[in-house]
Amino acid sequence: MKYLITSLFLFSIFGCAEHNHSVKKGTYFGGEIVNPKSKYVLFLKDDKVIDTILLNQKNKFSAKFKQLKEGLYTFKHGNEFQYIYLEPSDSILVRLNTWDFDKSIVFSGKGSSKNEFLINLFLQNEKDDKEMLSQFNLNQTNFQHKIDSLTKKRATIYKDFLSLEKDKISANYRKLANTALYYPLYNLKEIYPYYYKIANKQPNFPAIKSEFYNYRNTINLNEASLVSFYPYQNYVISYLYNLSYQNKDISKNKLTNTLLLEIVDHITLEKFKNTLLKRVVLNDFLKSESTCSINKKTLDIFLKYCTNSDYKDQIKKLVSDSKYVKNKNPLHNFDIKTYANEVKNIKDIIKDKNAVIYFWSTEFMSTDYFVSRIKYLKNTYPEVLFIGIHLQNESNDLATDPNLKLLNLNYQYKLTSNSYANQYLTSNYPRAIIVNKNGTVENGFTYLGSRYLNTQLEKLELN
């Protein structure tokens, strides 16, 4: 039945095209989105949009590319994405349900087996990472045994896959598959000293034998074909973090600055270097224990070595936004409007209440996580008023997304075009502002996923 459905699905999208010799001259990508978040699917290469593929009335989509080069691509729907590996003459269909994006993905058609292998490996990596969290307390030898066990299992899986595919697998795909198989394990070894120190409550990092890192001899930190692949990117950043941590007494700011310089020293691919520099600075910004901020020295290093003008502009705007709302000062009033387009002002809404005003966007977080997080916070802190303001004023997300329909519209608003708040939302990055019942700002820039948010809200309730 599975194969019958697949055959019918292929036929319904591509019709009789498979009997036409012209099919051999192109690459097809299509599929079906269950519970779609928008009316299109983005098709990208190295984060650059190649095509915007519209969904039809049955939520199906299809596209033909005449001269598509072999390699790793990305398809994105809503704020979720996944990889797809394509070769000329491939005809691949993907079916997924946005309610469980990654776990629901099914590939079919010519070239699908390569992608089924990658998505299954992606899910296995997630599972293994969770299981290994409890293993960082092990000594170096026992931790290595755990890694060796996972390596053997993966080698067997890969060998079985290759035996079935035989000569169908290209050299470029083999390189990608090897990265997906083993780099997550290398990543675990790079972060091992840091998490061992935490797990065992040690003041210093453990001494690591050089052979523990023998795999480094086989790794190229500037592999152009892999820089947009997250298993590779994650490994590189963990490796550079590990180098930076070698200073036992390193402070938070010094660590970030050292890491930025390690990137400059080791990464020669300009685009990759810029991506990592931005990633580290943004991560440093969000890890701030109180109000999100970027150290001046950190910003100076980033601006000096980053050559991407868009990235520099984004970070500058983020820094400017973070300074606009000052702690221990009264919150400046601003206008908002209900979904019935009734204009109100924020001070009237939060008067005499402890409040969290959160500006949100589906561009930066999945809607299921967002809604569950809001629900959790409201239940945990019933005395705090949570006010949501959608940054995407023209979006119809609230009307079309099943998760967002669970939000209470009595606490959801949009900004007016001339609202004062627009002055500190220039980066379009989600943020939350904590205000006490006297109207004073306790935290001018935090975010819903901050690990410090609970502590701050507990203090707010005590006042």
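The values are calculated or read from the model by the stated rules, or taken from the named source; none is laboratory data. Predicted model only: the values in this text are computed from it and were never measured. All Cβ positions, even for glycine, are placed from backbone atoms using ideal geometry, and neighbour counts span all protein chains on display.
See the values below:
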read-out	value
Residue count for the stretch 303-333, restricted to those that are farther than 30 Å from I349 by Cβ, over 21 Å from the mean Cα position of the chain (by Cα) and exposed (fewer than 14 other Cβ atoms within 10 Å of the Cβ)	3
Some residue of the stretch 287-300 being crowded, with 17+ Cβ neighbours inside 10 Å, of a type in the set (A, V, I, L, M) and assigned to a helix (DSSP H, G or I)	yes
Pair list, Cβ < 7 Å and 6+ apart or interchain, from the stretch 314-339 residues that are in contact (Cβ under 8 Å) with a residue 24 or more places away in the chain to residues that are in a loop (DSSP other than H, G, I, E, B) and not polar (S, T, N, Q)	L318/Y429; V319/I294; D321/L425; S322/C292; P330/G439; L331/G439
Residue within the stretch 41-51 that is within 30 Å of K159 (Cα to Cα), touching a Gly at 6+ places or on another chain (Cβ under 8 Å), surrounded by 13 or more Cβ atoms within 10 Å (Cβ to Cβ) and not aliphatic (A, V, I, L, M) present	yes
Residues satisfying the stated conditions in the stretch 83-116, i.e. without any contact (Cβ under 8 Å) to a residue 40 or more places away in the chain and among the small types (G, A, S)	G111, S112
Qualifying residue in the stretch 161-177 (condition: within 23 Å of the chain's Cα centre (by Cα), modelled with pLDDT of 90 or more and surrounded by 17 or more Cβ atoms within 10 Å (Cβ to Cβ))	yes
Positions within the stretch 39-72 being closer than 18 Å to S108 by Cβ and in contact (Cβ under 8 Å) with a residue 40 or more places away in the chain, in sequence order	K60, S62
Any chance S170 is small (G, A, S) and over 20 Å from S238 (Cα atoms)	yes
All positions within the stretch 52-61 that are surrounded by 16 or more Cβ atoms within 10 Å (Cβ to Cβ) and not aliphatic (A, V, I, L, M)	K60, F61
